[in-house]
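S.K.: Here it is: the structure, laid out below.
No value in this document is a laboratory result; all are computed from the given coordinates. In this text, all values refer to a predicted model and were calculated from it rather than measured experimentally. Here the Cβ positions follow ideal geometry from the backbone for every residue, glycine too, while neighbour counts run over all protein chains shown.
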Amino acid sequence: MNELESLASSPIAKQLLGLKMALCQHPMYLVIDEDRGEPALGERVPPWGAPDAAAYVERVERNLNSLDTYADLRLNYEFSAVEIEAIAERFPAAVHRMAEKFRQKKLDFIGGTFSQPHLQLMGSESNYRQFVFGLEVFQRLFGKKVKVYFTQETGMHRQLPQLLKLFGFDFLIPSPFSWAMQFIGGDFEFTANFKGLSTCATDEFVEAVSLDGTVLPAHMKVRDGKMCGAAEYGLLDEIVTDMPRSPQLWTYFPDMIDMDEARHAYFAAKYDFVLLEETLRQRLAAAPPRAQATMYSYWSYCEGVWAEELLRANKRSEERVLMAESALALARITDQSDELHQAWRTILKYQHHDVHWIEVTDLRRKAIDTLAHTDTQLAQLLDHATGRMVENDGHSVAIFNSLPHKRRALVELAPTLTPSGKTSFQLHKGKAVGFVDLPSAGFASFPAGVPAAQPAESVNALRTFKAKAYSVEFTKDGLMATVRNSRGKAILKADEFAGGEIRALIDDRWVDNRDAECSWLDGPVALVVERRGKLGTIPLVQRFLYFKQEPLVKTELEFDFSGDKVGYFWLDETKINVYYPATAKEVWHDIPFGYVQSGEARTILATNWVACGGLVLVNRGTPKHWVKNRVLANMLGWGGNSFSNRLHHDWPVKNQYDIRLYGKQTITHFLLPMDRFDGNTIVRAVEDYTFPVWPRAGSGKTSLLKIRDKTLAVTALYDKNGQLRVRGYQLPCRGKGRFRDWEIFDLPAKRLAND
């Protein structure tokens, strides 16, 4: 041991540095309990993991025992609520002991979500319900109001401070995983050397600012215990830095380590163990923030394995539960709230980051299948609720709109439910496709029957197509060469990439879908261009539906995977991407409860849409995008069988998981050709055209709630104790809005409705 290493363990260093260590334990209970894939995940292989739930709870018990053995030890648990509940059901004694240690102020809880998701990937209401469902569990089981949002895996976006403040949080700490920050005001001092940046003890916090101006203190922890190694590296750096010192509060965030005698002795010689929340309060009083910043993440591992099947399933289920929730509230049905509650629990549970981890194949499949079953149950709730609102005359179709504003909606119906009359419908893949005008929060009905939807007719290949709101020039192989908006301005122009072109790297060879057999079908509603070919060896069908009367293009991609390896995990451009070459440089995208401006050479995690000027791409559960040289890309798929992202941690690769691409996958997205970028208009248009409706046999027409203020973006319409309520956020407006721009509201519906 050299002099520096000896000094690190001496009482002098501990006395002079005064370092505090918040040991934050990150559990892996869900994946250990429920995943049974072969070979076993690293999480289920000792010594890092545990083979099953019982063995893992033994580790938790040893962890709690250490609080009895070492009087100075303090622990901070980042259990998700769904995992705590699962342990409480099977191993109640362990949870009783957690409660005891919490009462003794030796243990505390951080995080507070229901299932520790990457929040930046999930919809507005999923973000909100993660805290509704999660915080209730900690309050019920421990009497704990979680006040610190600190998670090992990042879940940050620009509206998070407002959400946290709404739920009573007092602190935010960025995760050990990747995150970003942009200063927007005030002063903040960094120090730096060849190892990078560090903060100073006097600048320990910034005010994390939400879009609406809400602020929350965020602790800037730059020097840390290493996540996958020992903490001494940061400590030795701290000693040789001399002045100025970094903040005294450090964190160490391992995956539920045992605190044995050797490990305790190592830490105790260097740090004082602390509970995070109470120490944050002390440090905030000593070093209040001087700067303001927005904080967010460009990172997640939504890497397209199985072509984003789980994220697309989550998207479908979230939309369906919101429809069912709205329908039950409008129909004044309160006796099925338990079914609705359970549906939300299921959806939120499978947003857990471990379920989305790419090597988790068994639990991932279970999640997809369970969400499909939940969708079936929600369909029964929708049928029951909408059945209360309509009468069945035997020859009409009623279409329910859950949004509290009138809309022109895209509908796809069984041919037997096709409306007749003035509205045109076109047969497409066994369904009748068309548009109908729907009242707000209610339904409209149409005579069904003859004349039925009309089939499209085969036509010769076109060079140009002109719709009411846009025009398209085609390449010789049926992709988009140019798209012009209603003013004739080009918003897409092919150069290196054509619009709708798909590329990937397979066996270190670039492949694309340029070579395809094209067919052209013209109907009363849309021109359909169908392209059949291969992406390398992967069969691919690509269909474009160019709608004639609406500013909308729908794309359907049908992949037929058979154990395909595609691309490299670390290089997004090598994965399956679909490209749209825009002509505008500005980039905007939506986030939970808002939208923000972004730029090129950054990962864009958009819950619904990305806009480059007047070109808007609407994803349907494939949320990872990027822009390079004004070309907008949406990442669709990646797969392999010799992968671990832990290679850069020098972990031995013992297990090779088969995470290649399998099965028939249908991926849908939309294009909105706009005159220019207008975020508020895009929010409403994306809702109107892509949020689903619910058709059923029935007659009548009614609107049960109207919110005419177009600057209010509604995210949920629901019942609470017999009262109809509305949640959403205020879009920016020129005049005085009802709320601050981007403020999240949650009010009785009658307060917002204006007849």
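S.K.: Given N residues in segment 526-625, what is its alpha carbon radius of gyration divided by 2.2 N^0.38 Å? Mind dumping the intermediate values first?
M.R.: On the way: Rg = 15.4 Å, N = 100, 2.2 N^0.38 = 12.7 Å.
Expressed relative to 2.2 N^0.38 Å, the Cα Rg reads 1.21.
S.K.: Starting with the highest mean, order 36-48, 326-338 by the number of other Cβ atoms within 10 Å, averaged over the residues of each peptide.
M.R.: Values: 36-48: 15.2, 326-338: 17.8.
Packing proxy ranking, top to bottom: 326-338, 36-48.
S.K.: Treating the beta-carbon of each Lys and Arg as +1 and of each Asp and Glu as -1, no other charges, what is the dipole magnitude of segment 324-440 about its Cα centre, to the nearest 20 debye?
M.R.: Numbers: 13 positive and 14 negative charges, 92 e Å.
That gives segment 324-440 a dipole magnitude of about 440 debye.
S.K.: How many angstrom lie between the C-alpha centres of segment 99-113 and segment 1-55?
M.R.: Cα centroid of segment 99-113 versus Cα centroid of segment 1-55: 18 Å apart.
S.K.: Something else: Tell me, what are the semi-axes, in whole angstrom and largest first, of the equivalent ellipsoid of segment 648-755 as set by the roots of 5 times the Cα gyration tensor eigenvalues? Spell out each step's value before the answer.
M.R.: Working: eigenvalues 292, 98, 75 Å².
So the three semi-axes of segment 648-755 are 38, 22, 19 Å.
S.K.: Testing the spin-label approximation: label points 7 Å from Cα along Cα→Cβ at Arg103 and Ser562. State their distance in nm.
M.R.: Placing both labels 7 Å beyond Cα along the Cβ direction yields 6.4 nm.
S.K.: Could you point to the residue in Met323, Ala606, Ser175 farthest towards the positive end of the chain's charge dipole, with +1 and -1 charges on the Cβ of Lys/Arg and Asp/Glu respectively?
M.R.: Towards the positive end, the residue furthest out is Met323.
S.K.: Please pull out the direction-averaged projected area of segment 457-675, using the convex hull of its alpha-carbon atoms, in nm² to one decimal place. List each step's numbers first, then the result.
M.R.: Numbers: hull surface 52.4 nm².
That works out to 13.1 nm².
S.K.: Which one of Thr622, Phe446, His219 is farthest out on the positive end of the charge dipole of the chain, using unit charges on Cβ (Lys, Arg +1; Asp, Glu -1) and the Cα centre as origin?
M.R.: Phe446
S.K.: To make sure I understand the rule: partners must be aspartates and glutamates, Cα under 15 Å from the Cα of Lys750, and not fewer than 8 residues away in the same chain. Which ones qualify?
M.R.: Correct list for Lys750: Asp709, Asp719.
S.K.: While we're looking at this one, here's another question. Would you pull out the residues with amide H under 5 Å of Leu724's amide H, same chain only if 5 or more places away, H placed 1.01 Å from N?
M.R.: Close amide H contacts, sequence-distant or interchain: Ala749.
S.K.: So what are the ³J(HN,Hα) numbers for segment 478-483, from phi and the Karplus equation (6.51, -1.76, 1.60; θ = phi - 60°), rounded to whole Hz, Gly and Pro as x?
M.R.: x, 8, 8, 8, 8, 10
S.K.: Holding the Cα-Cα limit at 19 Å, pick out from Lys548/Lys664; Lys489/Lys585; Lys221/Lys270; Lys315/Lys406; Lys466/Lys548; Lys106/Lys221 the pairs that are longer than that. Walk me through the intermediate numbers first.
M.R.: Numbers: Lys548/Lys664 30 Å; Lys489/Lys585 15 Å; Lys221/Lys270 17 Å; Lys315/Lys406 23 Å; Lys466/Lys548 8 Å; Lys106/Lys221 22 Å.
Checking Cα-Cα distances, Lys548/Lys664; Lys315/Lys406; Lys106/Lys221 exceed 19 Å.
S.K.: Just from the alpha-carbon atoms, what are the Rg and Dmax of the chain in angstroms?
M.R.: Cα radius of gyration and Dmax of the chain are 27.3, 91 Å respectively.
S.K.: What lysines does Lys165 reach when the alpha-carbon gap must be under 17 Å and sequence neighbours fewer than 8 apart in one chain are set aside?
M.R.: Lys144, Lys145, Lys147
S.K.: Okay, moving on. Taking the Cα centre of segment 457-675 as origin and charging only Cβ (+1 Lys, Arg; -1 Asp, Glu), how large is the dipole, in debye to the nearest 20?
M.R.: Numbers: 29 positive and 26 negative charges, 70 e Å.
Roughly 340 debye, rounded to the nearest 20.
S.K.: When the Cα centres of segment 123-173 and segment 184-216 are compared, how far apart do they sit, in Å?
M.R.: So the two Cα centres are separated by 22 Å.
S.K.: Please report, in debye to the nearest 20, how large the charge dipole of the chain is about its Cα centre when each Lys and Arg carries +1 at its beta carbon and each Asp and Glu carries -1 there.
M.R.: Values: 92 positive and 94 negative charges, 539 e Å.
Using only the charged Cβ atoms, the result is roughly 2580 debye.
S.K.: Starting from the amide H of His428, placed 1.01 Å from N in the peptide plane, find each other amide H under 5 Å away whose residue is 5 or more places distant or on another chain.
M.R.: For His428, the qualifying residues are Val433.
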